[in-house]
Every structure is written in structure tokens, then in C-alpha cells.
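The values are calculated or read from the model by the stated rules, or taken from the named source; none is laboratory data. Worth saying up front: this structure is predicted, and the values here are computed from it rather than measured. Methodologically, a virtual Cβ is constructed for each residue, glycine included, from the backbone with ideal geometry; neighbour enumeration extends over all protein chains shown.
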Amino acid sequence: MLKNNFVFLVCFFLIVFTNATPFRHGCITTFEEEDNHSAEEFAVNTLTETISDCSNENDILQIIYINLSPDPPLKGKQLKINALGWLKEEIEEGSYVDVVVKLGLIKLLQKRFDLCEESRKVDKPCPIDKGRQELNTVIDLPKEIPPGKYVVDAKVYTPDSRRIACLKAVVIFRP
């Protein structure tokens, strides 16, 4: 039950991440090696205390904002998520999200999720239309989430491996 709730939370964050657009001012530059993709330069933009945007101008999704309340999220409480973004093109069936979740140094999950399957869980039909994308939702976080620092890395790709978005979330759940 706890594992399913946690996986849902991770998937939910991925959907939020894939339905939002990045700020381009005050960026820092970093490098990261991606599986089956060459190393590339990308901006890291802090959107919230919890979420950072590691997308670049070549990505299909431009994140305008992501708002979380409360930020950071609290176990056993509702998490309100509001996000706005702009898709440069339609996102089609076969798009996917590569997710890595760590608790401290321990890798809890490394999995590929079907983007359309996950988007339907938050009432976003697939294909996802080009243009303005908005997400307003509330989820109940289980109070049984083990304490610790969780790091979620999510990279979203089209079926032909063009990057849609890149996001990172860091959440510390206290005992």
C-alpha cells in the first residue's frame, strides 16, 4: 500500500512536471550524462522550494510556473498543485517518462512510465494538444511516508527520443 502511494506520488509529480514551462533568467549551467543521449548543456531553474527545472530552450515543453501548497509537501496532508506551461507541439502516444527516485543514497525506483497512461490519471487526454497546458489538482499524501530526503529525477521524451522536459524534485519528509 505504501509503495503504491509513493509510486503514485512520483507519477503525479511527473505529470505536473510534464504539464508546465521554464524561466530563462538567472540560470546556472551544468552538464549531465543521459542514457542513450549525448551529454548536453542545460539550464537549472528553481521553480519552487521543491522543484527545479533542468529543461532547455530545445525542449518541447516550456514551463511557465509550478506552484505547490504547501511547499515543501507534508506527509499526511493535501498537496495542491497548480502548473502552467506551453507545448511547442502535440505530445503523442508512445511518449515516456524516465524516473529515478532516491531516498538518501538508496535508489528506490528506476523506471520508464508511459506518459499518456499517467496523464490520463489526472484527466489529461492523450495526445496532449500543442499550446497552453494547465494543471490544477489536489492529492492526499499518505502519512506513512518514511522520513528522509527523497530526490526525484524525471526526464520526458517523445517516441523518437526528443526531450519534452526535465525536472528534479527534492523533498525532505520529517519524522
- request: Assess whether residue 57 counts as being over 13 Å from residue 158 (Cα atoms), assigned to a loop (DSSP other than H, G, I, E, B) and without any contact (Cβ under 8 Å) to a residue 60 or more places away in the chain.
  value: yes
message: So, residue 79, is that one in contact with a helix residue (DSSP H, G or I) (Cβ under 7 Å, 6 or more places away or on another chain) and in a strand (DSSP E or B) or not?
response: no
message: Exactly one of these conditions fails for residue 126: (1) touching a Phe, Trp or Tyr at 6+ places or on another chain (Cβ under 8 Å); (2) among the hydrophobic types (A, V, I, L, M, F, W, C); (3) without any contact (Cβ under 8 Å) to a residue 60 or more places away in the chain; (4) in a loop (DSSP other than H, G, I, E, B). Give me its number.
response: (1)
- line: Per the list (1) at pLDDT below 95; (2) touching an Asp or Glu at 6+ places or on another chain (Cβ under 9 Å), residue check on residue 118 breaks on (2)
field: Matching entry among 79, 115, 109 (being in contact (Cβ under 8 Å) with a residue 40 or more places away in the chain, closer than 16 Å to residue 66 by Cα and of a type in the set (A, V, I, L, M))
entry: 79
- request: Please state which one of 55, 69, 95 is surrounded by fewer than 18 Cβ atoms within 10 Å (Cβ to Cβ) and either more than 16 Å from the chain's Cα centre (by Cα) or among the polar types (S, T, N, Q) (or both).
  value: 69
- request: Report, by residue number, each residue of region 98-117 that is of a type outside the set (D, E, K, R) and farther than 14 Å from residue 157 by Cα.
  value: 100, 101, 103, 104, 105, 106, 108, 109, 110
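Starting from residues that are over 18 Å from the mean Cα position of the chain (by Cα) and of a type outside the set (D, E, K, R), keep the ones in region 128-146 and report whichever is farthest from residue 74 (Cα to Cα). Step through it out loud before you land on a result.
Of the residues in region 128-146, the ones over 18 Å from the mean Cα position of the chain (by Cα) are 129-131, 142-146.
After this cut, where a residue has to be of a type outside the set (D, E, K, R) as well, the list is 131, 142, 145-146.
Numbers: 131: 32, 142: 9, 145: 10, 146: 12 Å.
Among residues in region 128-146 that are over 18 Å from the mean Cα position of the chain (by Cα) and of a type outside the set (D, E, K, R), the one farthest from residue 74 (Cα to Cα) is 131.
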message: Looking only at region 145-175, filter to residues that are over 23 Å from residue 64 (Cα atoms) and of a type in the set (A, V, I, L, M, F, W, C); which one of those is surrounded by the fewest Cβ atoms within 10 Å (Cβ to Cβ)?
response: 172
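Just a yes or no: is a residue in region 87-95 part of a strand (DSSP E or B) and not hydrophobic (A, V, I, L, M, F, W, C)?
no
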task: Of the numbered conditions (1) surrounded by fewer than 19 Cβ atoms within 10 Å (Cβ to Cβ); (2) at pLDDT 95 or above, residue 61 fails exactly one; give the number of that condition.
output: (1)
- request: Looking at (1) closer than 19 Å to residue 174 by Cα; (2) at pLDDT 95 or above; (3) among the hydrophobic types (A, V, I, L, M, F, W, C), find the lone condition where residue 105 falls short.
  value: (2)
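I'm trying to understand the selection: among the residues of region 118-144, which are surrounded by 13 or more Cβ atoms within 10 Å (Cβ to Cβ) and under 18 Å from residue 156 (Cα atoms)?
Listed by number, the residues that qualify are 118, 119, 120, 122, 124, 126, 127, 128, 129, 130, 133, 135.
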